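Below is one structure, written out as structure tokens; comments come after it.
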Amino acid sequence: FFLSTGSNLCSYELQPSEYTTDPRAAKLCPKYPVPESAPIPFFHRCAPVNISCYAKFAEALITFVSDSSVLHRLISGVMTSKEIIMGLCLLSLVLSMILMVIIRYISRVLVWILTILVILGSLGGTGVLWWLYAKQRMSATADETQIAKDNLQALLIYAISATVFTVILFLIMLIMRKRVALTIALFHVAGKVFIHLPLLVFQPFWTFFVLILFWTYWITVLLFLGTTGSPVPNEEGFVEFRMVGPLKYMWWYHVVGLIWISEFILACQQMTVAGAVVTYYFTREKRNLPFMPILASVNRLVCYHLGTVAKGSFIITLVKIPRMILMYIHTQLKGKENACARCMLKACICCLWCLEKCLTYLNQNAYTATAINSTNFCTSAKDAFVILVENALRVAAINTVGDFMLFLGKVLIVCSTGLAGIMLLNYQRDYTIWVLPLIIVCLFAFLVAHCFLSIYEMVVDVLFLCFAIDTKYNDGSPGREFYMDKVLMEFVENSRKSMKEAGRGGGAEGRELKPMVGADEE
């Protein structure tokens, strides 16, 4: 400061050349206008030594909260209702468990209620459109405006489109009506799986815990990367750590690692669930199940199938990274690109998203095939793909009807928890704001319901692939008895009877499915 301004800040008895070398400078020079700091180990960053700095920050935060009346009321509402919030969160957990047990009993009712509602809705909508068109057509006059004529023409187009849609919908439901019965049977058996393997419901929580640990590690390494390199003074006189050479590309490596390992952890969950459900399905006497089928599945995963899981998660990563890059480019060019470029970017992002979802579903079935046949990833993916293509209508029925049923289950849990929250918080309406506690409760209820019912959906998909293989390898004759549950066996028998009545003979149900491995391998 002296060299740049010529101003003596220290006592005159201390020469400027001695400002940084003389030990008397601590007493003869003024204190720095910043708190005393010390470096944090490994991070090359300084932090104040005096704890009072943090106390002042906390005091400022408290002052801000106290001065903000809205924020203060919201936080006080949460603190006042904390017992109710905890109770409602527990209620959502209990409701999710109860729903998973009873959904196998109400699945048939839900499916037919859904079917009736869709039929009535499509018929009603089409009928209303034609009624409005006929009414306007009859009341039309010769001197009506061009706008009225355009509206009448548009109404005719809507009515014709709705009619075509209704006819197509009826044809699809007519074709898939027998396959809906398989969805109901699979949901019924899935409920039994959770009775025999109750620890499956906690699988999402273990996965979430492992993901939290990994993300913590990833952020720690990210902080290390932020202070990697050589200290270089910048134009303003401050020191920056600049990475040179290969270190500059470590960020990309680190980001790819985040996506790949996160997908790897999720794939490990899918493989664990698939292994446990496959063990349940192909054990004829359920009393002879292993003591801990889930731990046995984890053991097989670690010993034999880590490479399969790594390859499947890497394929998802290869699709996800380009989509994220395109989304970043779309965000950066927002308002700058022309309409054509914007449309092409959105189309590419949409195509990659669809491809990612298809590959994720195929991977999940490939893991099931691996759990059944102990084959490598490529062989399992090919075999699972063949099974899914040959049973495309059944897969469509399971994924549409089944997913909608599970969605209704999530809505039911969230609405029930929210309604209970409104009734309980109503007693505190004079001194508590409902908004934040109710939002917290509903979000938690949705997350819990999603975790539980996503496992239910995964179990249904695994059971379907096991059923497909079982009906091909076995026909119910002595020596080739089915492994399937009685509910699924009744479905097969009913299908055979209906096919016999149609003049196509029995056993066609089994011929629809082709083997995934040869008979000699079985």
#### Entry: Theoretical FRET efficiency, 1/(1+(r/R0)^6), r = Cβ-Cβ of Q332 and K500, R0 60 Å, to 0.05
0.40
### Query
For the residue pair I175 and I422, what label-to-label distance in nm results when each label sits 7 Å from Cα along the Cα-to-beta-carbon direction?
4.2 nm
### Query
Using a Förster distance of 35 Å, how high is the FRET efficiency between S139 and S161, based on the Cβ-Cβ distance and rounded to 0.05?
0.95
### Query
Given that just one value was derived from the coordinates, which of [x] -0.95, -1.09, -1.32; [y] -0.72, -0.86, -1.14; [z] -0.81, -0.90, -1.07 is log10 I(q)/I(0) by the Debye sum over Cα atoms at q = 0.09, 0.10, 0.12 Å⁻¹?
[x]
### Query
Stretch E390-I106 to full length: gain in nm at 0.36 nm per residue minus the Cα-Cα span?
99.3 nm
### Query
Can you give the accessible area per residue of the chain, in Å², using a 1.4 Å probe?
60 Å²
### Message
Taking amide H atoms as placed 1.01 Å from N in the peptide plane, list the residues 5 or more away in sequence, or in a different chain, whose amide H sits under 5 Å from that of C46.
### Response
I40
### In order through segment 277-288: 3J(HN,Hα) via Karplus (6.51 cos²θ - 1.76 cosθ + 1.60), integer Hz, x for Gly, Pro
5, 4, 4, 5, 5, 8, 9, 5, 8, 5, 5, 8
### Query
Of the heavy-atom accessible surface of the chain (probe 1.4 angstrom), what whole percent is carbon and sulfur?
70 percent
### Query
How far is it, in nm, from the label point at L199 to the one at F2 when both lie 7 Å from their Cα along the line to the Cβ?
7.3 nm
### Query
Rounded to the nearest 0.05, what FRET efficiency do K149 and K357 have when you use their Cβ-Cβ distance and R0 = 41 Å?
0.40
## Note on the structure
The extension gain from A296 to T227, computed as 0.36 nm times the residue separation minus the Cα-Cα distance, is 20.5 nm
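Ignoring the sites themselves, what is the longest stretch of the chain with no trypsin sites (Lys or Arg not before Pro) in a DSSP loop and at most 16 other beta-carbon atoms within 10 Å?
Working: sites that count: R24, K31, R284, K334, K336, R429, R480, R504.
The reported range is 32-283.
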### Query
Angle between the Cα long axis of helix 293-304 and the longest principal axis of the chain, 0 to 90 degrees, nearest 10?
70 degrees
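Once you order the gyration tensor axes a ≥ b ≥ c over the Cα atoms, which shape class does segment 176-228 get: rounded for a/c under 1.5, otherwise prolate or oblate by comparing a/b with b/c?
Oblate, since a/c reaches 1.5 and b/c is not below a/b.
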### Summary
Zone reached by a paramagnetic label modelled 7 Å from K56 Cα along Cα→Cβ, restricted to segment 11-45 with backbone N below 19 Å, covers 30-39
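Mean residue ellipticity at 222 nm from the helices of the chain, using -39,500 (n - 2.57) per DSSP H segment of n ≥ 4 over the full residue count, to the nearest 500 deg cm²/dmol? Please list the in-between numbers first.
On the way: 17 runs with 376 residues, N = 522.
It comes out at -25000 deg cm²/dmol, rounded to the nearest 500.
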### Task
Could you tell me the distance between the Cα centroids of segment 211-250 and segment 83-116, to the nearest Å?
48 Å
### Nearest 10 degrees, 0 to 90: helix 82-138 Cα axis against the chain principal axis
60 degrees
### Message
Taking the Cα centre as origin and putting +1 on Lys and Arg beta-carbons and -1 on Asp and Glu beta-carbons, what dipole magnitude results for the chain, to the nearest 20 debye?
### Response
1020 debye
### Query
In straight Cα distance, which lysines are under 19 Å from K192, not counting same-chain residues fewer than 8 positions off?
K286, K486
### Task
First select every other residue whose beta carbon is under 12 angstrom from the beta carbon of F377; then total the charges, Lys and Arg +1, Asp and Glu -1.
+1
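Rank these by accessible area, largest first, 1.4 Å probe: W112, W130.
Accessible-area ranking of W112, W130, largest first: W112, W130.
The values are calculated or read from the model by the stated rules, or taken from the named source; none is laboratory data. Note that the coordinates shown come from a computational prediction; the quantities given were computed from them, not determined experimentally. FYI the Cβ positions are ideal-geometry reconstructions off the backbone, even for glycines, and counts take in every protein chain you see. Each accessible area value is taken on the protein alone, full model and side chains, heavy atoms only, with ligands, DNA and RNA left out. Shrake-Rupley method; radii C 1.70, N 1.55, O 1.52, S 1.80 Å.
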